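**Student:** Dumping the structure here so I can ask a few things about it.
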Amino acid sequence: MGTPDFAVPTLKALCDSGYDVIGVITQPDKPKGRGHHLMPPPVKEFAMERGLAVYQPLTLRGDEFASLLSQLDPEVIVVVAYGKILPVNVLEYPKYKCVNVHGSLLPEYRGAAPMQRAIIDGKIETGITTMLMAAGLDTGDMLLKETVSIGEDDNFEDIHDRLSVVGASLLIKTLEGLEDGSIVPEKQDDSLSTYAAKIEKSDCELDFSLDAKVLHDLIRGLSPIPLSFTHTPDGKLLKVVKGKLCDADKVCGVPAGTVIEVDEEIKVACGKGILSLLTVVPEGKGRMSAGDFVRGRKIAVGDILK
């Protein structure tokens with residue numbers, strides 16, 4: 001059971017490792033692009049390439065899905081970023097239960113956006129936890145963990161892609177351990193838990209009164225989607241794809257958000273430190289380098305972004 005790109009390496013690993021994948025459950029096709037054409041989820045595309053049976057139920061509750069589950073009769077259900085809450089009858093059905101591949105080192109970062117939140121919070125490591133799913137939000141017993149470092153310039157895409165590969169290999173080890181009895185499930189310490197809430201628009205606005213390091217981490221955690229943003233002096237939206245921490249401790253003596261230097265970068269004074277904008281998306285335009293934006297819009301030293 002899975003839907004986005006993140007889940008594809010795990011499905012591939014299951015197929016390549018010789019497991020009998022008797023069905024793939026994924027979200028319904030959704031309209032995308034200007035033409036609003038229905039597009040299949042990445043997991044469905046891969047499953048169809050491999051000739052796997054694909055099911056896209058609107059709900060997991062009720063007799064229809066219960067009948068499908070009974071028909072498929074799985075020994076284990078692997079869940080990776082599926083996007084729906086599993087009811088108790090599904091959680092309890094398989095012999096080896098439902099095994100989830102989660103993008104954090106539980107109990108830290110339970111919830112919808114664990115990878116983004118770890119980067120935004122300035123963490124230097126994250127990882128994958130496999131767990132037995134329970135009725136609560138990412139509260140099930142932990143099975144295996146693997147740690148992954150977060151580099152100072154890694155963004156969400158970097159960590160997403162890295163963890164998707166790590167998660168796939170860890171899932172295979174987890175299934176092997178469950179089958180031979182070598183894994184002892186470990187209860188989570190709820191007192192150590194943190195919550196990784198879904199990213200909202202309000203999370204994405206750059207507040208230059210904050211430290212440059214905080215803003216650099218925010219930009220990384222939201223790139224390439226949904227992207228952090230600010231506004232130019234004329235009120236136009238300016239999204240930021242990539243930034244660079246220039247001087248974390250410098251106090252510039254000008255209002256926060258003031259542009260203090262422009263060339264191939266746009267250097268901005270923060271509450272503490274200097275943040276350089278390297279790649280941006282101006283309102284109504286495509287992605288471009290900061291240098292191209294400077295030449296096209298003539299943003300000047302002394303302008304204030306807010």
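The values are calculated or read from the model by the stated rules, or taken from the named source; none is laboratory data. Note that this is a predicted model, so its numbers are computed, not measured. Ideal geometry is used to build each Cβ from the backbone, glycine not excepted, and the neighbour counts take in all protein chains shown. Remember, those area values only see protein heavy atoms, side chains included, never the ligands or the DNA or RNA. Shrake-Rupley method; radii C 1.70, N 1.55, O 1.52, S 1.80 Å.
**Student:** How large is ³J(HN,Hα) for each residue in region 243-253, as worked out from phi by the Karplus curve 6.51 cos²θ - 1.76 cosθ + 1.60 (θ = phi - 60°), to whole Hz, x for Gly and Pro?
**Tutor:** With coefficients 6.51, -1.76 and 1.60, one gets x, 9, 7, 8, 8, 5, 10, 5, 9, 7, x Hz.
**Student:** If you don't mind, another one. Quote the relative contact order of region 1-156 in percent (integer), defining contacts as alpha-carbon pairs under 8 Å separated by 6+ residues.
**Tutor:** Reported as a whole number, the value is 18 percent.
**Student:** Counting only protein heavy atoms and a 1.4 Å probe, tell me what percentage of the chain's accessible area is made up of carbon and sulfur.
**Tutor:** 52 percent
**Student:** For region 130-145, what does the Karplus curve 6.51 cos²θ - 1.76 cosθ + 1.60, with θ = phi - 60°, yield as ³J(HN,Hα) per residue in whole Hz, taken in order and with x for Gly and Pro?
**Tutor:** So the Karplus estimates, Gly and Pro as x, are 9, 8, 7, 6, 10, 5, x, 7, 6, 9, x, 5, 7, 10, 9, 9 Hz.
**Student:** Relative to the present Cα-Cα distance, how much length would full extension add between Lys201 and Ile22 at 0.36 nm per residue of separation?
**Tutor:** Difference between extended and current length: 60.5 nm.
**Student:** Rounded to the nearest 10 Å², what accessible area does Arg117 show when all protein chains are kept and the probe is 1.4 Å?
**Tutor:** About 40 Å², rounded to the nearest 10.
**Student:** While we're here: Quick check for you: which residues of region 103-133 have the amide N under 13 Å from the point 7 Å beyond the Cα of Asp189 toward its beta carbon?
**Tutor:** 106-108
**Student:** Using 0.36 nm times the number of residues separating Met288 and Glu264, minus their current alpha carbon distance, what extension gain do you get?
**Tutor:** Roughly 7.5 nm would be gained on extension.
**Student:** Can you tell me which of Lys244, Lys95, Lys187 moves the most in a GNM of the chain? Springs connect C-alpha atoms under 10 Å apart.
**Tutor:** Of the options given, Lys95 has the highest mean-square fluctuation.
**Student:** Among the listed pairs Lys44/Lys201; Lys12/Lys84; Lys84/Lys236; Lys30/Lys201; Lys201/Lys244; Lys97/Lys213, give every one whose C-alpha distance is greater than 31 Å.
**Tutor:** From Lys44/Lys201; Lys12/Lys84; Lys84/Lys236; Lys30/Lys201; Lys201/Lys244; Lys97/Lys213, over 31 Å: Lys84/Lys236; Lys97/Lys213.
**Student:** For the chain, state the semi-axes of the equivalent ellipsoid (square roots of 5 times the eigenvalues of the alpha-carbon gyration tensor), sorted largest first and rounded to whole angstrom.
**Tutor:** 42, 22, 15
**Student:** Got the relative contact order for region 48-131 handy, in percent, Cα pairs under 8 Å and 6 or more residues apart?
**Tutor:** For region 48-131, the relative contact order is 24 percent.
**Student:** Can you put Thr126, Thr59 in order of accessible area, largest first, using a 1.4 Å probe?
**Tutor:** Result, largest first: Thr59, Thr126.
**Student:** May I pose another question? When the chain is modelled as a GNM with alpha-carbon springs shorter than 10 Å, which of Pro31, Pro57, Pro224 fluctuates the most?
**Tutor:** Between Pro31, Pro57, Pro224, it is Pro31 that shows the largest mean-square fluctuation.
**Student:** GNM, the chain, Cα, under 10 Å: largest mean-square fluctuation among Lys32, Lys250, Lys213?
**Tutor:** Of Lys32, Lys250, Lys213, the Gaussian network model singles out Lys32 as fluctuating most.
**Student:** Quick one: which residues, 5 or more positions from Phe229 or on another chain, have an amide H under 5 Å from its amide H? H modelled 1.01 Å from N in the peptide plane, none for Pro or chain starts.
**Tutor:** Distant-sequence amide H within range of Phe229: Glu205, Leu206, Val240.
**Student:** I'd like the FRET efficiency for Leu137 and Glu64, computed as 1/(1 + (r/R0)^6) with the beta carbon distance as r and R0 of 25 Å, rounded to 0.05.
**Tutor:** 0.45
**Student:** Also, I was wondering about something else. Can you list residues from other chains, or at least 5 along the same chain, whose modelled amide H is less than 5 Å from the amide H of Leu278?
**Tutor:** Residues meeting the amide H criterion: Lys242, Gly243, Lys244.
**Student:** Could I ask something else about it? Let me check against my output: what whole-number percent is the relative contact order of region 197-306, with C-alpha pairs under 8 Å and at least 6 apart?
**Tutor:** 28 percent
**Student:** Using just the helices of the chain, give the 222 nm mean residue ellipticity in deg cm²/dmol: DSSP H runs with n ≥ 4 each add -39,500 (n - 2.57), and the total is spread over all residues, rounded to 500.
**Tutor:** My calculation for the chain gives -8000 deg cm²/dmol from helical runs alone.
**Student:** Of His102, His36, His231, which has the most accessible area with a 1.4 Å probe, and how do the rest follow in descending order?
**Tutor:** His36, His231, His102
**Student:** Report the gain in length on full extension from Gln56 to Lys244: 0.36 nm times residue separation, minus Cα-Cα distance, nm rounded to one decimal.
**Tutor:** 63.4 nm
**Student:** Would you mind getting me the FRET efficiency between Glu92 and Ile225? Use the beta-carbon distance for r and R0 = 22 Å, nearest 0.05.
**Tutor:** Taking R0 as 22 Å, the efficiency between Glu92 and Ile225 is 0.05.
**Student:** Check which residues have an amide H placed less than 5 Å from Gln188's amide H, if you skip close sequence neighbours.
**Tutor:** Met142
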